[in-house]
1. How long is the gain from R446 to N316 if the chain were fully straight, where each residue apart is worth 0.36 nm and the alpha carbon distance is subtracted?
2. For region 559-570, just list the computed ³J(HN,Hα) in residue order, Karplus coefficients 6.51, -1.76 and 1.60, θ = phi - 60°, integers in Hz, with x standing in for Gly and Pro.
3. Of the DSSP beta bridges with both residues in the chain, give the percent that are antiparallel, rounding to the nearest 5.
4. Excluding ligands, DNA and RNA, what is the solvent-accessible area per residue of region 81-193 at a probe of 1.4 Å, expressed in Å²?
5. Where the accessible area of region 66-160 is counted over protein heavy atoms with a 1.4 Å probe, how much of it, in %, is carbon and sulfur?
6. Given R₀ = 25 Å, FRET efficiency for R597-S635 by Cβ-Cβ distance, to 0.05?
7. Using alpha-carbon pairs under 8 Å, 6+ residues apart, how would you state the relative contact order of the chain in percent?
8. Looking at this model, which pairs from K88/K315; K605/K634; K88/K167; K71/K167; K315/K605; K315/K612 are more than 26 angstrom apart at the alpha-carbon?
Amino acid sequence: MLDTMQGRAVVVDTARSPHVLLRPLPLDAVSLADDFWEPRRRINRRDTLPSQYRYLEETGRLDNFRRASGKIGGEYQGIYFNDSDVYKWLEAAAWALAEEVDTGLQRMVDAAIIEVEDAQRPDGYLNTYFTFERAAERWADFDLHEMYCAGHLFQAAVAHFRATGSKRLLDVAVRFADHICDTFGGEEGQRQAVDGHEEIEMALVELFRVSGERRYLVQAQYFVDARGHGLLGRPYGEHDPSYSQDHEPLREQSEVVGHAVRAMYFYSGAADVYAETGDSELLWALGRLWENMTTRRVYVSGGLGSRYEGEAFGKNFELPNERAYTETCAAIGSVMWNWRMLALEGEARYADLIEHTLYNAVLPGVSLDGQRYFYQNPLADDGSHRRQPWFGCACCPPNVARLLASLPGYFYSASEDAVWVHLYAEGRATVELGGGTNARLRQHTRYPWDGRVDVEVQSEGEFAVMLRVPGWCEEGASVEVNGEAVDARVSPGTYVEIRRIWSPGDTISMDLPMPVRRVECHPYVAENEGRVALMRGPLLYCVEQTDTPGVDLRDLMLESAEPKTRVEPDLLGGVVVLEAEVRAAAPDDGWRNRLYRNVRSRGEKTPAADAKIKAIPYFAWASREPGAMRVWLKSG
Ligand SMILES: [Zn+2]
């Protein structure tokens, strides 16, 4: 094992990757003590993970492993890729164990690992769906997620090793990875294939990083480049090859298409390959795809995927609100891809999107009590879409759990002589820099409710602190050190660099004004024309029927209203709400039950009445009694 981080839980270990700018921090180097993320992470550890384990048992997901090892009889239970839920849960639990001793959780992890170990075939193969009656069907249909499940096993094993130092799960992963490397590739005697659902690419790169075994990196490269050459044929459900990003080689792609989760995992894997190889064509392709996604195909929430059909991206500007698909996993995949891009390029735009996506596209996917989940995250609803305790296809719940469990790993990075601060929350970090310098920082802030961030340096030495000035803060951001303005450039969407010889107690104060912002959408998104969304700081807001009784939310008109903020400590776990006096079009407005009518003369005003709105952060919607919700409101 080459892993210098053994026993140190690094989420994506680019510490020795030759083509990255930023190195990650292990989870134990960062502690959060804030009122926003840390309570959610505590719920994740104490409630979410145990309850998800119960679902793994109750729904037969663990029994599938026991059946495969011959411990019990009966039929395979559930969908063919259900093994991946066990692996993703194991990964989440491993990150949680990296931070906190929890004997109960440890017992669940150990029990699950025994079942996984025992189910492995002598040749290294491991997939509980393809055992006994289906053993002969292995590696026959590449849309049955065998490599996808393998990838999640590898990620869980890497996390478990880094978190605990135990090689038990890693040994299982290595045996399976060797089997896959022996079986598939472009060499003589190997089979050419790619999986319908990307995932194994980034997992193999991490397996290479943890083991030093180069064949896993070569295999990841092969899978990245083999896609787009028709190996999959007609994918699952007769979708177009673009469903699996298999329509053309990645190096030629310039539009994000197909199944959004697959796309995000694919680009993450390609970014990981670039980090190790420096193959610049991959980076150029990823840059084109990122540009297309962020300027044409992302929701104002950061959510991805416009179509239920194929869980897919739509065309440019195709972003329906009520029928938004925006799978929680796609948002998580976006965080994963952007994290890798950030490590490669050190550009604040990636961290901006990570922050935006975390608050507004990942977090809506889980209830405030950590026990219910959204699969789809629409931006308008009639009150019928509610979070569910589990799904037959349960990809999202353990995906949320693994991201929350590993979240501190996304707050900071290090370069040779600089600490990079990407995200803001009360807490501490210890950052190992070159030359033996240990930079200790403490953040004091009430972010995301307040834009004041004090970063106290608690150690000595010369290094730079790179603070992200969020792109949303278009005006008025300022940075001072010990009360004096810095002469560095403070511009939104960049990192402000503060380099000096630090003494303990030196404090950087960043002020990010948080006025309520009216956001409009490019006019080519027809549904949002003449509408605005409300944002404050990094948070997207929405209105819910329960706060606006007696008025159809579709009739609301913001006009010139200037929303005021109010702190509501007892609402939805404690939020800042936006209140405004607005107008509401008269419900009938002369339509007399018609769907169409001749346009009326100019100057004839729509009859309207006074109304009040109270907008809440979008992440907390659907947490009270069912009712309509809207993000985009008519502006006039
Ligand atoms: Zn999902």
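The values are calculated or read from the model by the stated rules, or taken from the named source; none is laboratory data. Being a predicted model, the structure only gives us computed values, none of them experimental. Ideal geometry is used to build each Cβ from the backbone, glycine not excepted, and the neighbour counts take in all protein chains shown. All accessible areas refer to the heavy atoms of the entire protein, side chains included, with ligands and DNA or RNA removed. Shrake-Rupley method; radii C 1.70, N 1.55, O 1.52, S 1.80 Å.
1. Numbers: separation 130, 0.36 × 130 = 46.80 nm, distance 3.70 nm.
Answer, rounded to one decimal: 43.1 nm.
2. 6, 9, 4, 10, x, 9, 8, 9, 7, 10, x, 9
3. Working: 75 of 81 bridges.
Taking every DSSP beta bridge within the chain, about 95 percent pair in antiparallel fashion.
4. Values: 3770 Å² over 113 residues.
Accessible surface, normalised per residue, equals 33 Å².
5. Details: 1640 of 3130 Å².
Carbon and sulfur together cover 52 percent of it.
6. Working: r = 22 Å, r/R0 = 0.90.
The computed FRET efficiency comes out at 0.65.
7. Numbers: 1378 pairs, mean separation 79.9, N = 636.
It comes to 13 percent, rounded to a whole number.
8. Details: K88/K315 31 Å; K605/K634 15 Å; K88/K167 17 Å; K71/K167 24 Å; K315/K605 36 Å; K315/K612 36 Å.
From K88/K315; K605/K634; K88/K167; K71/K167; K315/K605; K315/K612, over 26 Å: K88/K315; K315/K605; K315/K612.
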